[in-house]
Each structure stands twice: as C-alpha cells, then as structure tokens.
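What follows is a single structure, written as structure tokens, with notes after it.
Taken together, the values in this text are just the output of simple stated rules run on the coordinates, not laboratory data. Predicted model only: the values in this text are computed from it and were never measured. Cβ: placed from backbone, ideal geometry, glycine included. Neighbour counts: every protein chain shown.
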Amino acid sequence: MSTETEKRRLSNFITRNYLVLTLTSSLWNLGFSVTETYFSLYVFELGGTETTIGIIRALGSASYIFAIIIGGQIADLYGRKKLLGLMTLTSGLSHILLAIAPTWQLLAVAVIIVGLCWVAEPAFWAMLADSIDERYRGIAFSVFSCINFLPWAVMPYLGGFLIDMKGVLAMMRWMYFLVAFLGVTAGILRLLFLEETLPRLESEGGKARLSGLREIVAKSLKEHFRFWLSMPRSVLALASTYMIWSFESGLVEPYWIVYAEEEIGLTSTEWGTIIVTGNIVSLLFKLAVVGRVLDKFHRRKVLLAILALDSFNYILFILCRDFPQTILLWIYASIIWSFYEATYSSIEADLVSKERRGRAYAAFGIAWSAFSIPASIIGGVIYEEVSPQLSFILAFFVVLVCLGITMKFVHPPKKAGE
C-alpha cells in the first residue's frame, strides 16, 4: 500500500470526535496503567486477602451494572456529549476516595461509588463508533487501541520501580490523586471539543425531558429488558461470550501479579519490566499489524484464531519458573492480546446500528459485569483456598468455551468481496 493511499485512509477516519476521545482516553490511562496493574497489592496493604480482592471487584461490578443500564438509555435518547463530559469529570473526582481509603472495607465502598460514576461508558463507545466510517473500522479501532495503550508501555515499570523504592501504599495513593486530576482534565476537554453525534436530538430538544432520577431508572430498566429480547442471534451470542469471559477475569486477572510474586518469586520491578515489555510488543503490533489484518480478512476469522492461540497462555504461565521464562511467555501472549480490543470493537460496530449503540454497549458491559460478580468471588476463593494453579487451568477452559460459541453463533455481515 502506497504512502499516499495510507494517508487517505487515515484522513477518512480521524475526525474531531475520534481525536478527542482517543487522546483523552490515553491521557487518563497515564494513571490507570499503574493503579490497575498494582491494585491487588494495594488491597493487601489495606489488610485484605485474595478473597477480599474478589469481593471488592464484585461490588464494583454490581454498581457498574446499575450505572451503565441508565447510561445506555440516556446516550440513545438524550445524546452522548453532555453525559460523557460531565460524568468524566465526576468519575475523575471519585478516584480521590480510592486514594484516601484507610482500610479495605472503605476501599470497597469507594469502589462502589467509582462504579456508579461510569454511567457514561456506553456513551463513550457509542460516540466512538458513530465517528468512524464503516469501511475503516479495523484500522480506526486499532489506532485507537494503540494510542490508548501507550501509557501501558511505560507507566507499569515506573510504578513497579516506585513500589520497590517507596512502598505500595504511598505510591498507589499518589497515583489515585493523579487519576483524579487527569479525569477532570479529560472531562473539561470533552465538554469543550466534542460534537454531538445524534444532532436530531438537539433539534428536537430530546425525545423527552430529563425528569426525575426515579423515572429515568425505571424507564432504563424497562427498555434494557426489551433490548435483550429484541437482540439478533449474533448479537446475543456475542453478549453471551462476554458473560463467559467474565469468569476468566474473575479467575486470573487480579492474580497474575500475585502468582508472579508469590509462586514464581519475581519482584515488583521485574513484574513491571515484564508488563512494559509485553505492552511495547502489543503496541507495535497494534500500530503495524492489527488494523491491516482486520480490514483485509473477515473479523470473525481473526477472532477465532486469537481465541484458539490465547487459550494456552494460562497453562504456560503456571509452568514458568523464573524471570526469563515469564517474560518470553508474556511477549507471546501480548502479541495475541493486541488483537482483542480492536477485533471485538469492530465486530460490535458491524453488528449494531447507530441508533441502538448506546443500549447495545450497555448490554455488552452488563453481560460482562453481571457474571463478574460471582466470578470475582469464586475466583478469589479458588485462588486462596483451593489452588492458585487451578484458577489458571479453569481460565484455559473458559476461553475454549468462548471459542466454541463464537465459531457456531457469531456471524457478522461480510465485507464486500468476501
């Protein structure tokens, strides 16, 4: 492909909204890339255990579900911009509660409040999808994922280094204050520079006036239930794989670092080095490979391939015995994981029409979060009380189930020429 052709492709999807959403999301990830990586160690410092981590994640998922049901309805009926801008501000400020929590119990309360503030998440993904030309979804979502991922290529190493130097508690508290500041900054930028993607709602004054919270909640729950009943087969199947994926998250996501330090014997700096190395590899693949593959080949086939390849990562991880083995596995896994976000985002956009995207993204979020409540608790108990290795073995089977469902039931429309 010529340089001139590549430039034309880029200009076709890099809209004002796309730039604002991509850059503000990347800005916020400067903080999230550290706090998410070392959250489990923060819980331990506040007196928690592996089971406690699962309970806190479950509570956060429960509040997140409630928030995005309402958020999906508002995004489709009243527009995206104001909801996204104002709630980004609010969400940023809510992270101060995580910074000042003195015990794991109060940390759990703070996580619930933070979860409720993610009410604008469906609006974010709906506006991003609205702002991308259908012909360039693969490369557009790949570039978004790449830029959004840049902080993860540096910050986890810095976080691990600071933990070994200053301790978990001090470093995490300062990083949560940074997340709050970056969230407020992102919210202001979104309010100033985003353009509404459902302009007819502005000209009509919205389909209805925003009345009381009680009425909005009741209507949102009712409409959300109807949306599930009206889902096409492929959309419902995709949502069901998210439910199953949530068990993978509950079983292993909080415990990669715990297993690495307690079972393999790595330090926080070594783990940070592994994460950053994998993230750089992932970043390069997102930049140079992922978008082109998704726009050249059928996205479902790409998803099936990466699911099959990913399933073995969990078994290989528990076979690692030292730093060199772990970093080699993480590089391999990162190549595979680099495809997930753009692939799933492209398939979602292919399957759902613009007018239903707010509710659809809410449904996808709920499919994940609803099942992550029991999954997080079960995962914590299995890891702490049964066997750390069993958690990763079960995750292997979870990915295989997702592969089977995707192969049989998820069928996005084919692109021209396929």
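Table for the structure above
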| quantity | calculated |
| --- | --- |
| Packing-based order for 334-343, 396-405, using average beta carbon neighbours within 10 Å, highest first | 334-343, 396-405 |
| Helix-only CD estimate at 222 nm, as mean residue ellipticity for the chain, using -39500 (n - 2.57) per DSSP H run (n ≥ 4) | -25000 deg cm²/dmol |
| Unit charges at the beta carbon, dipole of the chain: most positive-side option, 165, 44, 146 | 146 |
| For the chain, built as a Gaussian network whose Cα springs stay under 10 Å, the top-fluctuating residue of 74, 393, 100 | 100 |
| For the stretch 335-375: rounded, prolate or oblate by the Cα gyration tensor [a/c cutoff 1.5] | oblate |
| Pairwise centroid distance, computed over Cα atoms, of the stretch 114-152 with the stretch 355-376, Å | 16 Å |
| Distance violations [Cα-Cα > 32 Å] among 81/408; 222/296; 222/408; 82/301; 222/286 | 81/408; 222/296; 82/301; 222/286 |
| Cα centroid separation, the stretch 13-31 to the stretch 156-177 (Å) | 25 Å |
| Lys/Arg +1, Asp/Glu -1 at C-beta; the chain dipole; positive extreme among 53, 155, 231 | 231 |
| Dipole axis of the stretch 326-418 (+1 Lys, Arg; -1 Asp, Glu on Cβ), positive-most option in 334, 373, 353 | 353 |
| Anisotropy class of the stretch 44-119 from Cα gyration tensor, a/c 1.5 cut | oblate |
| Protection proxy ranking, peptides 21-32, 379-390, average beta carbon neighbours within 10 Å, highest first | 21-32, 379-390 |
| Residues of the stretch 107-123 with amide N under 19 Å of a point placed 7 Å along Cα→Cβ from residue 93 | 110-121 |
| Mean Cβ neighbour count within 10 Å, used as a protection proxy, ranking 230-239, 361-370 highest first | 361-370, 230-239 |
| Shape call, the chain: gyration tensor on alpha carbons, a/c limit 1.5 | rounded |
